[in-house]
2 protein chains.
Amino acid sequence: MTEPAPETHPQATQAETADTVELLGLVAHLQHVAFSRLAEDARLAPTVAQQLELSRLASAAVDRRDRVLARVVELGGDPELCLGAYARLLEDFDSRTQPSTWWERLLRSYVADGVSDDFCRIAAATVDDRSRALLLEVLDDAEHANLAVAELETAGAQDAVLVSRLALWGRRLVGEALGVVQQAMSAHPALGRLVTRRGADEPASNATPAVAAVPTQPAEAGAMAAPQPPAHLFGELTAEHTRRMSRLGLTA
Amino acid sequence: MTEPAPETHPQATQAETADTVELLGLVAHLQHVAFSRLAEDARLAPTVAQQLELSRLASAAVDRRDRVLARVVELGGDPELCLGAYARLLEDFDSRTQPSTWWERLLRSYVADGVSDDFCRIAAATVDDRSRALLLEVLDDAEHANLAVAELETAGAQDAVLVSRLALWGRRLVGEALGVVQQAMSAHPALGRLVTRRGADEPASNATPAVAAVPTQPAEAGAMAAPQPPAHLFGELTAEHTRRMSRLGLTA
């Protein structure tokens with residue numbers, strides 16, 4: 001671990017810190033979910049070598065989650081509350097994307113983690129330096145992705161039918177995953193604010209201007225308005241997904 | 001971690017080393033199973049605080065398993081093979097002791113881990129110093145036991161019916177757990193040899209003499225004979241179980 005960088009946003013308002021804590025909660029929750037899923041993968045993996053590797057990845061996810069929660073504490077947040085706020089986020093996604101084979105299971109994690117990591121990276125762009133450095137480090141872990149790519153490539157090289165079925169599965173997964181992003185932003189206006197703030201901070205050369213913070217749906221009573229996500233958010237997420245699928249030789 | 005002690009059994013025969021590797025494999029397997037079970041517990045735990053704590057325990061079990069497997073490698077063994085040899089050991093136990101409540105689940109781990117840890121400690125008594133030190137350290141972890149005791153005590157203090165149901169459940173669990181010990185020794189003669197060797201090494205003042213190595217069942221073709229376990233083994237395991245149950249205020 002590197003030394004924490006000095007805080008360069010000492011004037012972060014209380015509201016900005018609250019938004020940051022909400023993003024940290026999301027990333028911690030996603031790591032916690034990753035732990036649970038990798039542990040289940042380890043239980044189901046066909047070989048002892050895979051069981052060992054997947055259980056180590058599960059253990060690493062616990063470590064990453066706890067580092068994010070430690071930052072929540074530093075910012076004065078409550079780790080259990082901010083984690084608990086996302087408890088039901090992936091319920092629909094999980095029940096609607098039950099994999100029927102080991103390959104579908106691998107691809108599900110690869111697609112879902114890809115989209116959620118990209119979203120969190122985008123939202124992390126405007127938080128304080130220290131939180132951002134931690135988040136980017138945590139989100140940068142590619143070990144599971146590399147394992148999935150290696151296994152799916154090997155399997156696909158021998159089986160054209162599998163490749164076309166997985167391409168179809170990938171399209172369904174990304175649709176569901178983008179749906180989760182939309183739900184998360186609507187239930188957690190802080191996430192929408194972070195994403196929009198990045199849009200506003202971007203240089204004018206950016207082709208797609210940031211959309212002004214006009215809520216399109218009635219905000220919850222008492223909650224701050226959720227700004228509409230910048231128009232380019234979903235385009236950006238989709239483009240990254242397409243790039244990841246082509247790593248596997250799959251058409252997005 | 002402390003510095004490894006120098007090897008004091010430099011004359012350990014190849015057969016003794018093979019027996020040690022087999023015990024290391026068992027302990028590694030039990031830690032791997034503990035990881036899987038704690039991860040499932042974390043998923044089912046009623047509060048976020050418990051989810052966090054149980055996932056950390058799961059992660060610690062991965063670490064302990066990997067330290068044991070590193071010792072297997074040092075002794076020239078194959079970690080995947082020696083782990084895989086126990087893959088089906090707990091299948092029967094698991095299917096016959098499906099818990100129906102969170103308390104039954106907690107008590108199941110408490111009883112099963114207690115018996116298996118005691119057995120492994122006994123078998124570890126005659127392996128080389130370095131393996132023994134590692135095993136005793138790995139087996140000494142009481143965090144989950146303490147968590148179970150705290151929760152079961154709190155729950156039992158308010159509910160006499162629960163206490164008597166759990167006492168019954170505990171008796172069933174210990175019977176099944178002792179059955180697993182018997183199966184493990186019959187399928188892995190090395191374990192029986194280690195336990196018997198400890199009996200033979202014990203001072204004569206020990207009330208129960210070590211039973212001579214007379215196989216009572218036909219040994220597998222080509223396998224070394226499995227000595228009958230010393231008569232006091234099951235008495236010892238049962239006594240320790242009784243002590244653990246009384247920590248919970250339950251009659252064994």
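Brief remarks on what is shown
- Given (1) without any contact (Cβ under 8 Å) to a residue 60 or more places away in the chain; (2) in contact with a helix residue (DSSP H, G or I) (Cβ under 9 Å, 6 or more places away or on another chain); (3) not basic (Lys, Arg), number of the condition A:Ser95 does not satisfy: (2)
- Residue list for the stretch B:151-167, restricted to those being in a helix (DSSP H, G or I) and either on the phi > 0 side of the Ramachandran plot or open to solvent by 40 Å² or more (accessible area, probe 1.4 Å) (or both): B:Glu153, B:Thr154, B:Ala157, B:Ala160, B:Val161, B:Val163, B:Ser164, B:Arg165
- Per-region count, the stretch A:80-110, residues open to solvent by 50 Å² or more (accessible area, probe 1.4 Å), hydrophobic (A, V, I, L, M, F, W, C), part of a helix (DSSP H, G or I) and at pLDDT 90 or above: 1
- Selection count, the stretch A:64-79, where residues are surrounded by fewer than 21 Cβ atoms within 10 Å (Cβ to Cβ) and either part of a loop (DSSP other than H, G, I, E, B) or under 17 Å from the mean Cα position of the chain (by Cα) (or both): 6
- In the stretch B:114-121, the condition of being more than 14 Å from chain A (Cβ to nearest Cβ), in a helix (DSSP H, G or I), within 26 Å of B:Glu16 (Cβ to Cβ) and open to solvent by 30 Å² or more (accessible area, probe 1.4 Å) is met by at least one residue.
- Test result for A:Ala61, at the interface with chain B (Cβ under 10 Å from one of its Cβ atoms), assigned to a helix (DSSP H, G or I) and buried (at least 18 other Cβ atoms within 10 Å of the Cβ): yes
- Considering residues of the stretch A:128-145 that are open to solvent by 70 Å² or more (accessible area, probe 1.4 Å) and at pLDDT below 90 only, the residue farthest from A:Arg64 (Cα to Cα): A:Glu143
- With respect to the conditions (1) away from chain A (no Cβ under 13 Å); (2) in contact (Cβ under 8 Å) with a residue 60 or more places away in the chain; (3) under 30 Å from B:Gly156 (Cα atoms); (4) of a type in the set (A, V, I, L, M, F, W, C), B:Val21 lacks only one, and its number is (3).
- A single member of B:Ala148, B:Ala200 is at pLDDT below 95, open to solvent by less than 60 Å² (accessible area, probe 1.4 Å), assigned to a helix (DSSP H, G or I) and out of contact with any Gly (no Cβ under 8 Å at 6 or more places or on another chain), and it is B:Ala148.
- Restricting A:Gly84, A:Gly25 to those that are within 15 Å of the chain's Cα centre (by Cα) and of a type in the set (Gly, Ala, Ser) reduces the list to A:Gly25.
- Taken as a whole, the condition of being within 11 Å of chain A (Cβ to nearest Cβ) and surrounded by 19 or more Cβ atoms within 10 Å (Cβ to Cβ) does not apply to B:Leu44.
The values are calculated or read from the model by the stated rules, or taken from the named source; none is laboratory data. Computed from a predicted model, the values in this text were never measured in an experiment. Positions of Cβ are generated from backbone atoms using ideal geometry, with glycine treated the same way; all protein chains shown enter the neighbour counts. Accessible surface is based on the protein model in full, side chains and every heavy atom, while ligands, DNA and RNA are left aside. Shrake-Rupley method; radii C 1.70, N 1.55, O 1.52, S 1.80 Å.
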